[in-house]
Amino acid sequence: LKTFRRGRRSSTDPPRNMSGKLSVRCFAKFNTQLYVLGRRPDGFHEIRTVFQSIDLHDVLHIELGGRGIEFECDSQEVPRGRENLVVSAAEAFAAGYGKELSVRFRLEKRTPVAAGMGGGSSDAAGALRGLNMLLEEPFPKGALWEMAARLGSDVPYFLVGGRALGEGRGEKITPLDDPPRMHLLLLAPGIKISSGTAYRLFNLTCSPSISDSTGAFSAGDGMPFLPWRNELEKGVFGAHPEVGGLKERLLASGAVEAVMCGSGSTVVGRFADREAARRAADRLPADRITVTLCSSIERSRFLRLFKCGDDDTARR
Ligand code: ATP
């Protein structure tokens, strides 16, 4: 990483942001389309996907000071230390920043973990963007993107949010126009599936091919709103039939369409309006699954609501 420094402030100067504190919202995502185009020599799969932000989010509190990089979280499901993407993001940031960085993070985890909703990647992007804001933007956008892509395939998307096309491993991002707001119901069965496992299951069950529909699936024409489709479903549903069962339940409860989120195991359904989603939620037994009503979130709100305390609420 190159070192980017701006201005003539020395490493002993306090940040001009005197509070040295910031709390940020790290929004979750699902993929309205996810096509697997083939396997690459580096072991990753070449994909073409459309990401969509939703108003479910973690809150990451960032405070300059302390000793080195400190991290705590209210969830036992999240790893501590450098295995946490927040910590690795801060380390990548510090390496480029060129001077020691002392920062405390406290993460309020709300997004289901290892459930295909990009929670860890969103937290990592939140740490990068939050630190850059707190330290008065030592990195230009391009440098943050570079760091984000090194941290993980989905991380660059969370610097942009809204609806966006992802190509390559998912890290090549083209922002797309927002769809009309979607009324969604999430069913999270609590089954943890890593993206590695989902792609291994894909390899066992499917041979990657450029399906006909991907022809219509390029950023050039502004991207039409295609029917939802996730090519990782077949493998995951084969190994975990209960996940496929949740998709069927959503459709039977009146969802206009439903799809598995990313590598699973959460499934999301879209309803005609909020009331229809609420009625379906009331009918679903929530014994072994977490049922969450939420909405899609437009890019402008994703960016505006990043900082907690700004004058809007994320869930409207
Ligand atoms: P992926 O597709 O990368 O597997 P996901 O969206 O399905 O991601 P995440 O919630 O991001 O799921 O968690 C994936 C793994 O990342 C978890 O099993 C966890 O060990 C690790 N992880 C690291 N940092 C975080 C974080 N801040 N929040 C959640 N998980 C994290």
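The values are calculated or read from the model by the stated rules, or taken from the named source; none is laboratory data. In this text, all values refer to a predicted model and were calculated from it rather than measured experimentally. Cβ placement follows ideal geometry from the backbone for every residue including glycine, while neighbour counts extend to all protein chains displayed. Heads up: the accessible areas ignore ligands, DNA and RNA and are worked out on the full protein's heavy atoms, side chains in. Shrake-Rupley method; radii C 1.70, N 1.55, O 1.52, S 1.80 Å.
Here are a few things to note about the model shown:
- Accessible-area composition of the chain, carbon plus sulfur, in percent [1.4 Å probe]: 50 percent
- Folded to 0 to 90 degrees: helix 274-283 orientation relative to the chain principal axis, Cα: 70 degrees
- For region 134-184, the C-alpha radius of gyration sits at 1.31 times the compact-globule guess of 2.2 N^0.38 Å, with N the residue count.
- GNM top mover of VAL155, VAL291, VAL256 - the chain, alpha-carbon springs below 10 Å: VAL256
- Size-normalised alpha-carbon gyration radius of region 77-176, reference 2.2 N^0.38 Å: 1.04
- Computed helical MRE - 222 nm, the chain, DSSP H runs ≥ 4 contributing -39500 (n - 2.57), nearest 500: -8000 deg cm²/dmol
- Region 246-261 and region 93-124 have their alpha-carbon centroids 31 Å apart.
- Crossing angle, helix 241-252 versus the chain [Cα axis fit, 0-90 degrees, rounded to tens]: 70 degrees
- Highest GNM mean-square fluctuation among GLY118, GLY65, GLY235, for the chain modelled with Cα contacts below 10 Å: GLY65.
- Accessible area per residue in Å² at 1.4 Å probe, computed on the chain: 45 Å²
- Within a straight-line Cα-Cα reach of under 23 Å, LYS234 can be paired with the following lysines, leaving aside sequence neighbours fewer than 8 residues apart in one chain: LYS29, LYS192, LYS247.
- Among ASP177, ASP273, ASP42: highest mean-square fluctuation, GNM of the chain, C-alpha pairs under 10 Å: ASP42
- A crude spin-label estimate for the pair ARG106 and ARG279, with each label 7 Å from Cα along the Cβ direction, gives 4.3 nm.
- Rounded to the nearest 20 debye, the dipole magnitude of the chain is 500 debye, with +1 charges on Lys and Arg beta carbons, -1 on Asp and Glu beta carbons, and the Cα centre as origin.
- Separation between Cα centres of region 156-171 and region 131-148, rounded to whole Å: 17 Å
- Stokes-Einstein, applied to the Kirkwood radius of region 48-93 over Cα pairs at a viscosity of 1.567 mPa s and 4 °C, places its translational diffusion at 100 µm² s⁻¹.
- Whole-percent pair-distance distribution, where bins are 5 Å wide, for the alpha carbons of region 29-136: 2, 11, 20, 20, 16, 14, 10, 6, 1, 0
- For the chain, fraction of C-alpha pairs farther apart than 25 Å, in %: 50 percent
- Spherically averaged projected area of region 81-127 from its Cα convex hull (nm²): 3.5 nm²
- Here's the picture: charge each Lys and Arg Cβ at +1 and each Asp and Glu Cβ at -1 in the chain, and of GLY309, GLY119, SER296 the one pushed furthest to the positive end of that dipole is GLY309.
- Under 30 Å from the Cα of LYS99 - lysines, other chains or at least 8 residues apart: LYS2, LYS21, LYS109, LYS141, LYS172, LYS307
- In loop segments of region 53-86 as defined by DSSP, the trypsin sites (Lys or Arg not before Pro) with at most 12 further C-beta atoms inside 10 Å of their C-beta are ARG67, ARG80.
- Here's how it looks for LEU176: its modeled amide H is under 5 Å from those of ARG163, ALA164, LEU165, which are all 5 or more places away or on a different chain.
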